[in-house]
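Contents: one structure, followed by commentary.
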Amino acid sequence: MPESEQIEVSVVYALPEVQRIVTMRVPLGTTVEQFVTTCAAMGKLPPLADSPRFAIFGQVAEPAQKLRAG
């Protein structure tokens, strides 16, 4: 995939007992849930909870929301 079709994304995983920041490049069009699931599969984040909650810059995000640069 050409470099121009990828974006750099960071995720912050935060619970009272653990906090992690993961940054990686993903294809444009990747959803929030795909990104977090990929991070978990790679061992960079714990497995997803039964009902995970997501936010982008403090705003609630749906799992199917596509990520974008910025």
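Given H placed 1.01 Å from N in the peptide plane, which residues other than close sequence neighbours of LEU28 have an amide H under 5 Å from its amide H?
Amide H neighbours of LEU28: GLN6, ILE7.
Within the chain, which is the longest segment containing none of the trypsin sites (Lys or Arg not before Pro) that sit in a DSSP loop and have at most 12 other Cβ atoms within 10 Å?
Details: sites that count: ARG53, ARG68.
Value returned for the longest uninterrupted segment is 1-52.
How far, in nm, would the chain grow between GLN59 and TYR13 when pulled straight, counting 0.36 nm per residue and subtracting the alpha carbon separation? Present the calculation step by step, with values, prior to reporting the outcome.
Numbers: separation 46, 0.36 × 46 = 16.56 nm, distance 1.49 nm.
So the chain would gain 15.1 nm between GLN59 and TYR13.
For LYS44 and ARG25 in one chain, what is 0.36 nm times their gap in residues minus the Cα-Cα distance, to one decimal in nm?
Values: separation 19, 0.36 × 19 = 6.84 nm, distance 1.39 nm.
Going from the current span to full extension adds 5.5 nm.
Where in the chain are there chymotrypsin sites (Phe, Trp or Tyr not before Pro) that are in a DSSP coil and have at most 10 other Cβ atoms within 10 angstrom of their Cβ?
Sites meeting the loop and neighbour criteria: PHE57.
Counting only C-alpha contacts under 8 Å and six or more residues apart, can you give the relative contact order of the chain as a whole percent?
On the way: 84 pairs, mean separation 21.6, N = 70.
About 31 percent, as a whole number.
Probe 1.4 Å, all protein chains in place: accessible area of LEU15 in Å², nearest 10?
Here the residue's solvent-accessible area equals roughly 70 Å².
Treating the beta-carbon of each Lys and Arg as +1 and of each Asp and Glu as -1, no other charges, what is the dipole magnitude of the chain about its Cα centre, to the nearest 20 debye?
Numbers: 6 positive and 7 negative charges, 16 e Å.
Roughly 80 debye for the chain.
The values are calculated or read from the model by the stated rules, or taken from the named source; none is laboratory data. This is a predicted model, so every value here is computed, not measured. Heads up, the Cβs are rebuilt from the backbone with ideal geometry, glycines too, and the neighbour counts pull from every protein chain shown. To get the accessible areas, we keep the full protein, side chains included, count just its heavy atoms, and leave off ligands, DNA and RNA. Shrake-Rupley method; radii C 1.70, N 1.55, O 1.52, S 1.80 Å.
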